[in-house]
1. On full extension of the chain, what length is gained from Val50 through Asp11, given 0.36 nm per residue of separation minus the C-alpha to C-alpha distance?
2. Would you mind calculating the gained length between Arg33 and Ile18 on full extension (0.36 nm times residue separation, minus the Cα-Cα distance), in nm to one decimal?
3. If the only charges are +1 at each Lys and Arg Cβ and -1 at each Asp and Glu Cβ, what is the size of the charge dipole of the stretch 1-43 around the Cα centre, to the nearest 20 debye?
4. If you average 1/r across every pair of different Cα atoms in the stretch 1-43 and take the reciprocal, what Kirkwood value do you get, in Å?
Amino acid sequence: MPKTAVGFSCDTDTDADILSWLDKQENKSAAIRAAIRASWLQDSLTLGDVLNELGEIKRLLRSGAVAVVNGEEGETAPELDPEAQAAQDALDGLGL
């Protein structure tokens, strides 16, 4: 089976978590391939996605944004970008 070597660079400070994880892997190549496939083939939201959106909500609230929970008739919520809408849809479905 033909093989090819692929390399990439890491910053020892910024990517310390990646380097630490990689150092613990018995088969580094297999671990990297599995991580890439898990990220690339992922078709649903992850806990990380939800936490990122919650962090954005926290940032907005700290900056003075106001959330309308029970708006008056005729009020519409602002349009969300596709990623934010997907996260909102997933959060809305949690209570079902």
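1. 11.4 nm
2. 4.0 nm
3. For this selection, approximately 360 debye.
4. 11.9 Å
We did not get these values from a lab; they are worked out from the coordinates using the rules stated. Everything numeric in this text was worked out from a predicted model, so none of it was measured. Cβ atoms come from the backbone with ideal geometry, glycine included; neighbour counts cover every protein chain shown.
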